[in-house]
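Since the structure comes first, as structure tokens, the remarks are kept for the end.
The values are calculated or read from the model by the stated rules, or taken from the named source; none is laboratory data. Just so it is clear, the structure is predicted and the values come from calculations on it, not from any experiment. Areas reflect the complete protein model, heavy atoms only, side chains present, ligands, DNA and RNA absent. Shrake-Rupley method; radii C 1.70, N 1.55, O 1.52, S 1.80 Å.
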Amino acid sequence: QVQLVESGGGLVQPGGSLRVSCAASGSIFSIHTMRWYRQAPGKQRELVAAITSLGSTNYADSVQGRFTISRDNAKNTEYLQMNSLKPEDTAVYYCSADIQSKPYGRLDHYWGQGTQVTVSS
């Protein structure tokens, strides 16, 4: 069994910063691309950022220059550092990862449970 568990969401004022984390656990053989998505009320889920196993990153235009995705392969954890937050960043943030699990190396896409980020004064 493989699980993704997120932490670090909360309430922050506009212009503030927040970091969310996502830890993978279970029978993991290897983790490939890790991603962060978000879904605001009444809107579709959108890709925010992605990072490959070698550390290559890409970002949605709306967060470029403000958000930073990173990962710690030794801890099977990804992070999303969010700076200069705006009210329009308010959403439930979901992590996801492409993971090969033991014992056969089957590749599946996994999701975290989501964590609420609210940007408001």
May I ask for log10 I(q)/I(0) of the stretch 35-90 at q = 0.24 Å⁻¹, from a Debye sum over the Cα atoms as equal point scatterers with solvent left out?
-0.99
At 0.890 mPa s and 25 °C, plugging the Kirkwood radius over alpha-carbon pairs of the stretch 1-72 into Stokes-Einstein gives what diffusion coefficient in µm²/s?
177 µm²/s
Solvent-accessible area, 1.4 Å probe, carbon plus sulfur percent, for the chain:
47 percent
Hey, got the Cα dimensions of the chain along the principal axes, in Å, largest first?
49, 25, 24
What are the ³J(HN,Hα) values, in whole Hz, obtained from phi via the Karplus relation 6.51 cos²θ - 1.76 cosθ + 1.60 with θ = phi - 60°, for each residue of the stretch 48-57 in sequence order, with x given for Gly and Pro?
9, 7, 9, 9, 7, 5, 9, x, 6, 10
Report the full-extension gain for the segment Phe29 to Ser17: residue separation times 0.36 nm, less the Cα-Cα distance, to one decimal in nm.
1.0 nm
Kirkwood-type radius of the stretch 68-121, with distances r between different C-alpha atoms, in Å
13.3 Å
Taking the Cα centroid of the stretch 77-121 and of the stretch 1-64, what is the distance between the two, rounded to the nearest whole Å?
3 Å
Among all the lysines, which ones have a C-alpha under 20 Å from Lys75's C-alpha, if same-chain residues fewer than 8 places away are not counted?
Lys102
Contact order normalised by residue count of the chain, Cα under 8 Å, 6+ apart, percent:
37 percent
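For Gln39 and Ala74 in the same chain, what is the full-extension length gain: residue separation times 0.36 nm, less their Cα-Cα distance, in nm?
9.7 nm
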